[in-house]
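Undergrad: Sharing a structure with you now.
The values are calculated or read from the model by the stated rules, or taken from the named source; none is laboratory data. Please read these numbers as outputs of a predicted model, since none were measured by experiment. For neighbour counting, all protein chains shown are included, and Cβ atoms are generated from backbone atoms with ideal geometry for every residue, glycine included. For the accessible areas, the whole protein counts, side chains as well, though only heavy atoms, and no ligand, DNA or RNA atoms are used. Shrake-Rupley method; radii C 1.70, N 1.55, O 1.52, S 1.80 Å.
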Amino acid sequence: MIRSLLAAALLACGSAAGVAAPVPLPGARDAVAIGPYAEVFEDPGGALTFERVVSAGRFVPLEREVANFGYSYSAYWLRFSLPQASGALLAPILAIEIRFPSLDSIELYVPYQRPRGIEYVAQRGGDQLPWNAREVKHRNHVFRVPLAGIADAPAYLRVQSGSVLTIPAFLWRPEAMIAADRHSHFAYGIFYGLVLALFLYNLMLLLSLRDRIYLWYVLYVGSFGLALATFDGFSYQYLWPGSVWWANHALATAFCSALLFGAQFARSFLGLAAFSIFANRFLIAVMGLAAAGMFFSATGLLVSYGTVMRAVSVVASATAAIVLAVSVRAMLGGYQPARFFLLAWSALLVFIALGALRNFALVPTHFLTVNGLHIGLALDILLLSFALADRINALERASADAQSAARERERVVEQLRHMAQHDPLTGLPNRTSMQQRLALAVEIAKRNRKKLAVMLVDLNDFKLVNDSRGHPVGDHVLAAVAGRLRASVRGSDTVARYGGDEFVVLAGELDRAEDAGHIAEKIADMVGVPLPVDGAVEKVGCSIGISVYPDDAGDPDALIERADRAMYAAKAEKNRRYAYFSGA
């Protein structure tokens, strides 16, 4: 931490007048957004000193959870009051997190009461500082704020950046932030694992098939994945923590590279040279602009990376729209692989447009506008991978070798589809598959004018078995119960694992709601039979909640919710095996 000049107490007290209520103390699990409690002041020239802003800055209420100013070269100051230390505080230190890694310069000024008056202690961050200079080694910008001695005066946060200027500022307890990081890193791990898996998979196809279109796909996926890793702050953290200059140029370079190879992939996949002269020439022009953007971004010559990012936002949106229109024409013209390509590009276009609008501060900053490119890219590369497979099928279907390869790919796809729709432990349909089947079962029941029972089966005493005997025994019990559930219902009924020790049974083609009770009795009898496990006998019972279509609800989600309520009603009454939804 770097100590600032000693601010006069009168000055600090004067600036506190009219400041919004202090930021509440964050809870043990969640952060508090600073935005609703902050005021903002724009310094267009970015040259005002801290003392000048404190004395003369005209702050206005921010009134937003996340401050997003789009592309701006101004410096923005946020003014807010931190919570005062108290005996109820669990930790003497809080953390302020700025969840936007690509910000260039960040300065935080926190007031402390000293014997001579109020003194502001400054901390600096941003990606113009070396990674190792960060006090908290985190992909986002995190500042430690000791609460002992905090003065009754506002804190100030100054942010300036050459590209998009967004200030998602949050106040954390350190232990809560660490716990939240574990969850976010798990999600990021899934995303980047998918990107890496498809990158390597199609790289192997490139080496095997020698088809140049896989080269453009691999370069596109690699460039886009690197761009998002840079946007998320992981590249600076893990790939080039010692290069401040490259950290400020890599993002624009990677996005330009993704635009270049994405345009070339679209040209090759759709065969634009023979299909659409206008679209082909347009994408060639886009590729030229993207190549120029890569050069200027990578070298820092002539054009700032902020200007390049502005251009990329506009050009990428226009390119996606043109390619979308051409892919629709290709599909209508009978080119079958264009189906997946159209789906892939449609998903990406939506999120590119959202991101561009957020970059220009035309839509609010929230989960979809910040993480939309991640969702769009995941859908895009997955569907493009299917599109490539479909294209290979179309090109090589005439030969025996191609037919054999197509069957193998279909087997792999079917296996992946089965894995995506079934629980790996029990082999039962998973929650997603159950929801699809429930929607279909409701439609069938509606058409046949029959009743449909939705039964939520929750195992009793399973946690005790799992905790006392260990997870392997618990898994064995779950698999055995799944087999018993399948054996206790009709072949036309569906048994699915809903999650944990909960199962769902869909029993259709019922004439009376009372018929569901007979099925529930059989299920309870089967589940209650003791299980021999590793030389011992385990016994678990179950509580079953029943909702009936159309008596209780006509919507699949409502049926599940009411079956859940009925299950808790059954569980609340000792020795009661099942309960119907009562509507109470």
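Undergrad: Would you mind finding the one in Ala520, Ala572 that is farther than 22 Å from Asn448 by Cα, open to solvent by 20 Å² or more (accessible area, probe 1.4 Å) and more than 35 Å from the chain's Cα centre (by Cα)?
TA: Numbers: Ala520 fails: open to solvent by 20 Å² or more (accessible area, probe 1.4 Å).
Just a single option satisfies the conditions, and that option is Ala572.
Undergrad: Moving to a separate point now. Just wondering, is there one or more residues in the range 275-285 that are closer than 24 Å to Tyr214 by Cα and open to solvent by less than 10 Å² (accessible area, probe 1.4 Å)?
TA: There is at least one residue in the range 275-285 that is closer than 24 Å to Tyr214 by Cα and open to solvent by less than 10 Å² (accessible area, probe 1.4 Å).
Undergrad: Further question on the same structure: So which of Ile560, Ile544, Ile523 is of a type outside the set (Lys, Arg) and within 19 Å of Ala439 (Cα to Cα)?
TA: Among Ile560, Ile544, Ile523, only Ile560 is of a type outside the set (Lys, Arg) and within 19 Å of Ala439 (Cα to Cα).
Undergrad: Which residue pairs have Cβ atoms under 8 Å apart, sit 6 or more places apart or on different chains, and have a first residue in the range 371-390 that is more than 26 Å from Gly233 (Cβ to Cβ) and touching a residue at least 12 places away in the same chain (Cβ under 8 Å) and a second that is among the aliphatic types (A, V, I, L, M) and open to solvent by 10 Å² or more (accessible area, probe 1.4 Å)?
TA: Note: pairs meeting the criteria are Leu383/Leu343; Leu383/Ala347; Ser385/Leu198; Phe386/Val413; Leu388/Leu205; Ala389/Val413.
Undergrad: Name the strands (runs of 3 or more DSSP E) wholly within the range 22-102 that hold at least 1 residues that are open to solvent by less than 60 Å² (accessible area, probe 1.4 Å) and charged (D, E, K, R)?
TA: On the way: elements: 39-43, 67-71, 75-80, 93-98.
Answer list for the range 22-102: 39-43, 75-80, 93-98.
Undergrad: Then there is this: Looking at Val142, Val136, Val159, which is the one that is assigned to a strand (DSSP E or B), open to solvent by 10 Å² or more (accessible area, probe 1.4 Å) and in contact with a Phe, Trp or Tyr (Cβ under 9 Å, 6 or more places away or on another chain)?
TA: Values: Val136 fails: assigned to a strand (DSSP E or B); Val159 fails: open to solvent by 10 Å² or more (accessible area, probe 1.4 Å).
Going through Val142, Val136, Val159 in turn, the sole match is Val142.
Undergrad: Identify, from the list Leu228, Leu215, Leu209, the residue that is closer than 30 Å to Arg267 by Cβ and either acidic (Asp, Glu) or crowded, with 20+ Cβ neighbours inside 10 Å (or both).
TA: After ruling out the rest, the residue left standing is Leu228.
Undergrad: Give the range 558-582 a look and list any residue that's in contact with a helix residue (DSSP H, G or I) (Cβ under 8 Å, 6 or more places away or on another chain) and either at positive phi or part of a helix (DSSP H, G or I) (or both), or say none.
TA: Leu559, Ile560
Undergrad: Of everything in the range 467-513 that's polar (S, T, N, Q) and open to solvent by 10 Å² or more (accessible area, probe 1.4 Å), which residue is nearest to the chain's Cα centre (by Cα)?
TA: Once the filter is applied, the top-ranked residue is Thr494.
Undergrad: Another question, then. In the range 298-309, how many are open to solvent by less than 50 Å² (accessible area, probe 1.4 Å) and either under 25 Å from the mean Cα position of the chain (by Cα) or without any contact (Cβ under 8 Å) to a residue 12 or more places away in the chain (or both)?
TA: 2
Undergrad: Another question, then. I'd like to check something: does the range 114-125 contain any residue that is within 22 Å of Pro61 (Cβ to Cβ), open to solvent by 10 Å² or more (accessible area, probe 1.4 Å) and among the basic types (Lys, Arg)?
TA: No: the range 114-125 contains no residue that is within 22 Å of Pro61 (Cβ to Cβ), open to solvent by 10 Å² or more (accessible area, probe 1.4 Å) and among the basic types (Lys, Arg).
Undergrad: To continue, here is another question. Of everything in the range 313-339 that's crowded, with 18+ Cβ neighbours inside 10 Å, assigned to a helix (DSSP H, G or I) and not aliphatic (A, V, I, L, M), which residue is modelled with the highest pLDDT?
TA: Filtering the range 313-339 for residues that are crowded, with 18+ Cβ neighbours inside 10 Å, assigned to a helix (DSSP H, G or I) and not aliphatic (A, V, I, L, M), the one modelled with the highest pLDDT comes out as Thr319.
Undergrad: Regarding the range 449-459, can at least one residue be identified that is open to solvent by less than 20 Å² (accessible area, probe 1.4 Å), on the phi < 0 side of the Ramachandran plot, without any contact (Cβ under 8 Å) to a residue 60 or more places away in the chain and in contact with a Leu (Cβ under 9 Å, 6 or more places away or on another chain)?
TA: no
Undergrad: Between Gly222, Gly300, Gly288, Gly242, which is among the small types (Gly, Ala, Ser) and at positive phi?
TA: Values: Gly222 fails: at positive phi; Gly288 fails: at positive phi; Gly242 fails: at positive phi.
Just one listed residue meets the conditions, Gly300.
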